[in-house]
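Okay, structure first, notes after.
The values are calculated or read from the model by the stated rules, or taken from the named source; none is laboratory data. Since this is a predicted model, take the numbers as computed values, not measurements. Ideal geometry is used to build each Cβ from the backbone, glycine not excepted, and the neighbour counts take in all protein chains shown. Just so you know, the surface numbers come from the protein's heavy atoms only, side chains and all, with ligands and any DNA or RNA stripped out. Shrake-Rupley method; radii C 1.70, N 1.55, O 1.52, S 1.80 Å.
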There are 2 protein chains.
Amino acid sequence: MLKYLEIAKKIEEKIQIENLPQGAKLPSFEELISTYQVSKSTITKALATLESKGSIFQVRGSGIFVRRKKRKGYINLHMQQGFTQDTEGYKLSSKLIWLKIITPTDEIASNLNCTKEDEVYAVKRIMYIDGKILCLEESFYKKSIIPYLNNEIVQDSIFYYIETALGIKASFSDKYLHIQPLNEDDAPYLDLPSNSPALHIDEVYFLTTGEPFNFSKIIYHYTHSQFFLQSN
Amino acid sequence: MLKYLEIAKKIEEKIQIENLPQGAKLPSFEELISTYQVSKSTITKALATLESKGSIFQVRGSGIFVRRKKRKGYINLHMQQGFTQDTEGYKLSSKLIWLKIITPTDEIASNLNCTKEDEVYAVKRIMYIDGKILCLEESFYKKSIIPYLNNEIVQDSIFYYIETALGIKASFSDKYLHIQPLNEDDAPYLDLPSNSPALHIDEVYFLTTGEPFNFSKIIYHYTHSQFFLQSN
């Protein structure tokens, strides 16, 4: 584990073990350096990580404070699509419906910023959270960027594979949410009646160059999913 | 307008006028300083603002690039609850149902971190987007922090009033989303049949001290609302 992630984990453990409430003041920047015996930049990166996770907040000239999630059982909306990491205690698993190479529809080509001649990996999966159906996911990967996927890889976190095996990291993402009743095709996958309420999230993930490499259409099971979002 | 916001606006206008695509390279940091004749820190703040709005992305050692929203008609999920600002071209309006001082329920007291003896302003409004019903909002403000609200103030952006009149600025927020069919009480306000799908968002806004001052329960009209979320 990278040093700054290790320090971030230690600070989180401290918050947990001491059961510090929202707004509790943490040791100062200088105290953290001396406690953990690491460089300034390691502490800076550790704090930035914790801030973006919503575990702390920093007030300039005042200090570092605990930020607590009030509600358990909610999924982080900023969580990455590949999602076996950062699940905060949940067990996620998947069932593959199919993996194939397709030529993109207009919608896929437009979101992946490619032509209809480009090849695209298409993965359809049911995702489970603690054994319950979480969502139905159709995910499309540009073959020019992700040259190889197989059934084994896509059973697990595809993003984790892409990052560790190919060294490709998502730089940023766009997510689009809307509510729409379930249609007859999708309903059986979620084990719900047609017309049940459903949250649909479309996601596009980009490389640091601004090129999109993944587009996903995800339909969430309305009684098995709830989300949180922390803003600064 | 603050200098850095002015510069941010100019850079956004440049992107719009030149119709720059996603990934187009913008002038370098140094070029921006010399073009706009402002300080380093002004450009830094302008770029940070544009990055957090999702208008640009910065790649260390490589440059500053255009980030474009692909879909129009989506509401920013990071938008503040008070929301007459940052609506990206929409016209928002509201109809007040009631404003009163109440003693908090358990749910309100827990979210506002106060006792059941504390007084709380309760505002119930229907919000409209371009004349169509957007959502039903029940919002609770701690009277110890927001000592005065009246019917005129709450017709408009309450957060704008709080910031300009009281100098109180939200430092961060927690939002919780879940899907639930509309109940009989809420459905008429949204002009929808009971049991229609609905996105429910609970929001808590905090001061820089970590103290919550506002808790809102918002129910969105499922055909009049769609959302986007940009992550870095």
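Total Å² of accessible surface buried at the A-B contact, 1.4 Å probe, nearest 100?
Summing both chains' loss of accessible area gives about 3700 Å².
Classify segment A:150-193 from the C-alpha gyration tensor, please: rounded if a/c falls under 1.5, else prolate or oblate depending on whether a/b exceeds b/c.
Oblate, since a/c reaches 1.5 and b/c is not below a/b.
Carbon and sulfur together cover what percent of the accessible area of segment A:1-126 at a 1.4 Å probe radius?
The computed percentage sits at 50.
Please work out the average accessible area per residue across segment A:1-77, using the 1.4 Å probe convention, and give it in Å².
The answer is 58 Å² per residue.
Rounded to a whole number, what is D in µm²/s for segment A:70-181 from Stokes-Einstein with the Kirkwood radius over alpha-carbon pairs (25 °C, 0.890 mPa s)?
160 µm²/s
How much area per residue is accessible in segment B:164-232 when the probe is 1.4 Å and only protein heavy atoms are counted (Å²)?
For segment B:164-232, the per-residue accessible area is 37 Å².
Choose one answer from A:71, A:125, A:60: the residue with the largest mean-square fluctuation in a GNM of chain A with alpha-carbon springs under 10 Å.
A:60
Among B:19, B:113, B:151, determine the one that fluctuates most according to a GNM of chain B built with springs between C-alpha atoms less than 10 Å apart.
Evaluated over chain B, the most mobile residue of the options is B:19.
How high is the relative contact order of chain B? Use alpha-carbon pairs under 8 Å, at least six apart in sequence, and give a whole percent.
17 percent
Kindly provide the chymotrypsin sites (Phe, Trp or Tyr not before Pro) of segment A:107-182 that DSSP labels as loop, not H, G, I, E or B, and whose Cβ sees at most 15 other Cβ atoms within 10 Å.
Answer by residue number: A:148.
Would you work out which of A:182, B:177, A:79 lies farthest towards the positive end of the dipole of the protein assembly as shown, given +1 charges on the beta-carbon of Lys and Arg and -1 on that of Asp and Glu, about the Cα centre?
Projecting each Cα onto the dipole axis, the largest value belongs to A:79.
Can you return the lysines within cross-link range of residue A:116? Criterion is Cα-Cα under 19 Å, with same-chain partners fewer than 8 residues away left out.
Candidates past the 8-residue exclusion: A:100, A:142, A:143, A:217, B:70.
For residue B:132, which lysines qualify as cross-link partners when the Cα separation must be under 18 Å and same-chain residues fewer than eight apart are set aside?
Candidates past the 8-residue exclusion: B:72, B:91, B:95, B:124.
Can you check what the net charge comes to around residue A:27, using other residues whose Cβ is under 13 Å from the Cβ of residue A:27 (Lys, Arg +1; Asp, Glu -1)?
The answer is 0.
Give me the percent of Cα-Cα pairs in segment A:148-232 that sit more than 21 Å apart, rounded to a whole number.
So the pairs more than 21 Å apart make up 47 percent of the total in segment A:148-232.
Given contacts defined as C-alpha pairs under 8 Å and at least six residues apart, what's the relative contact order of segment A:149-205, whole-number percent?
33 percent
Taking the alpha carbon gyration tensor of the protein assembly as shown, what are the square roots of 5 times its eigenvalues, largest first, to the nearest whole Å?
Taking √(5λ) for each eigenvalue gives 33, 30, 25 Å, largest first.
For chain B, what are Rg and Dmax over the alpha carbons, in angstrom?
According to the Cα coordinates of chain B, Rg and Dmax are 20.1, 61 Å.
List the trypsin sites (Lys or Arg not before Pro) in segment B:134-232 that DSSP assigns to loop (not H, G, I, E or B) and whose Cβ has at most 13 other Cβ atoms within 10 Å. Which are they?
Passing both the DSSP loop test and the Cβ count: B:169.
If I require 20 Å or longer along the helix axis, counting alpha carbons, and a Kyte-Doolittle average no lower than 1.0, what helices from chain A are left? Use full DSSP H segments.
Length and hydropathy pass: none found.
For the protein assembly as shown, give the magnitude of the charge dipole about the Cα centre (Cβ charges: +1 Lys/Arg, -1 Asp/Glu; no others), in debye to the nearest 20.
So the magnitude is around 1120 debye.
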